[in-house]
Amino acid sequence: MNLQQSFSPAPLRDARIGPPADDYEIVRQAIAFVSENFRNQPEVDAVAHAAGTDARSLTELFRRWCGLTPKDFLAAVTLDHARKILREAPSVLDASYELGLSGAGRLHDLFVVHEAMSPGQWKSGGNGMNIFYGLHPSPFGRALVMATDRGLCGLAFADPGEESAALDDMRSRWPNARYTEDVAQTAPMARRIFDSAQWQADTPLRIVLIGTDFEVRVWETLLSIPLGRATTYSDIARKVCSEKAARAVGAAVGKNPISFVVPCHRVLGKSGAITGYHWGLTRKRAMLGWEAGKILS
């Protein structure tokens, strides 16, 4: 079965289960401005002006979005904050927290239960797989949620106008699968992922990892990075095989098909710099700041 036979493009529908998509657009522009000017510590008025709103509206949006004031949030997403996280946790894959910690450092905030598809299904390009997908609002822009009957298999993000490109990118990973748009089936997963009140151990989110054996090992290692913590590619490489494999680990991290849930955004450069994210560095900074807000709120 080829891609043309298995998928017929149709307009993506936006299932309204969360905040308006415009919220993220304002946040995105605010973070982009701060990322370029963070050394100057811009006032809220300047940030709001750059995002096309006023200081009061921006403050209300950020409080609703992550429970922080804009000033606190912007501090959380600066490079200095990222470096501080890394200095405090130089090796977050240490066995002391792999066994599980309480509070904000618990093993995995989404309580994920995962399994891997057989290597044969990956090699066949997903031949015989039925994948359902839907487009949903999220704290980080439009989210493309993809699932099989066994669980969540894909999560991507798109800025306005880029939804079809995001879908094409995800379809290219398993080109021979059969794709069906079904927002009713994916909406509960979207709520489960982005509503922290639903992160409950007794209702785990089931995910399905579809990749090479090496990629799956890397993605499984990403799942052990706790909320509010960060690690480096070399730390992950040491855990998976050898520090010399950091470049290969970086490639596998970049191919992570379930962004945010499998937290590749918590991987930083060796110096602590926020580098390399398939869905954009601004979105990566937003995720780190959003998670910082969940810990502080």
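Bear in mind that the values in this text are calculations on the coordinates, not laboratory data. Here the structure is a predicted model, which means the values were calculated and not measured. A quick note on method: Cβ atoms are made from the backbone with ideal geometry, for glycine too, and the neighbour counts reach across all protein chains shown.
Values for this structure:
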{"read-out": "FRET E, pair Thr212, Gln185, Förster distance 30 Å, beta-carbon r, rounded to 0.05", "value": "0.65"}
{"read-out": "Normalised contact order of region 90-276, rounded percent, pairs of Cα under 8 Å and 6 or more residues apart", "value": "28"}
{"read-out": "Neighbourhood charge, 13 Å Cβ-Cβ cut-off, centred on Val253 and excluding it, Lys, Arg +1 and Asp, Glu -1", "value": "+3"}
{"read-out": "With eigenvalues of the C-alpha gyration tensor scaled by 5 and rooted, region 90-276, Å", "value": "26, 20, 16"}
{"read-out": "Unsatisfied cross-links (Cα-Cα over 21 Å) in the set Lys255/Lys284; Lys244/Lys270; Lys239/Lys270; Lys71/Lys294", "value": "none"}
